[in-house]
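Asks: Next up is a structure, given as structure tokens.
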Amino acid sequence: MVKELPVFISVIFALLTLVSVFWFYTATRSKTFLIIAAAWTLLQTTLALKGVYLHTQHMPPPLMLFGIFPAVFFIMLVFITKNGKAFNNNINLKTLTYFHSIRLPVEIFCRCFIITV
């Protein structure tokens, strides 16, 4: 967590994350997705709060090791496996399209309240 940021910014981003997970769950209706998303969010939150991602001198950087590589791996599983393809085919596209409107409050919030350091 960046120490200079007011607490309400972290609270708003946490709420936006919860809304995003719930909204995506609404599009998929998959309890497995909900469990995986909750576990993944909890893991990433824990790693970030412990400062793991601040150590950028390591190779590979922790962000790649704990964030990008596993995410790409799971995305590949969704497109390669039979269960993953079934999951993809059962997503409600209308709800998923509306889901992308979550980008608006994130962008507005970032532009208005977060100053790059």
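Asks: Within the set of pairs 6+ apart or on separate chains, which have a first residue in segment 9-22 that is in contact (Cβ under 8 Å) with a residue 12 or more places away in the chain, a second that is part of a helix (DSSP H, G or I) and loosely packed, with under 13 Cβ neighbours inside 10 Å, and C-beta atoms under 7 Å apart?
Replies: These pairs meet every condition: 9/113.
Asks: Give the residue, chosen from 71, 48, that is small (Gly, Ala, Ser) and either in contact (Cβ under 8 Å) with a residue 12 or more places away in the chain or within 19 Å of residue 29 (Cβ to Cβ) (or both).
Replies: When all the criteria are applied, what remains is 48.
Asks: Condition first: farther than 25 Å from residue 113 by Cβ and either in contact with a strand residue (DSSP E or B) (Cβ under 9 Å, 6 or more places away or on another chain) or among the polar types (S, T, N, Q) (or both). Can you find one or more residues in segment 7-25 that meet it?
Replies: no
Asks: Quick check: is even one residue across segment 20-43 basic (Lys, Arg), in a helix (DSSP H, G or I) and loosely packed, with under 15 Cβ neighbours inside 10 Å?
Replies: yes
Asks: Find the residue count for segment 44-66, including only residues that are closer than 22 Å to residue 18 by Cβ and outside any helix (DSSP H, G or I).
Replies: 1
Asks: Taking segment 71-117 as the search range and keeping residues that are of a type in the set (D, E, K, R) and within 17 Å of the chain's Cα centre (by Cα), which one is nearest to residue 40 (Cα to Cα)?
Replies: Per the stated criteria, the residue is 103.
Laboratory data are not the source of any read-out in this text; all were calculated from the coordinates shown. No experiment lies behind these values; they were computed from the predicted model shown. Every residue, glycine among them, receives a Cβ derived from its backbone with ideal geometry; neighbour counts consider all protein chains shown.
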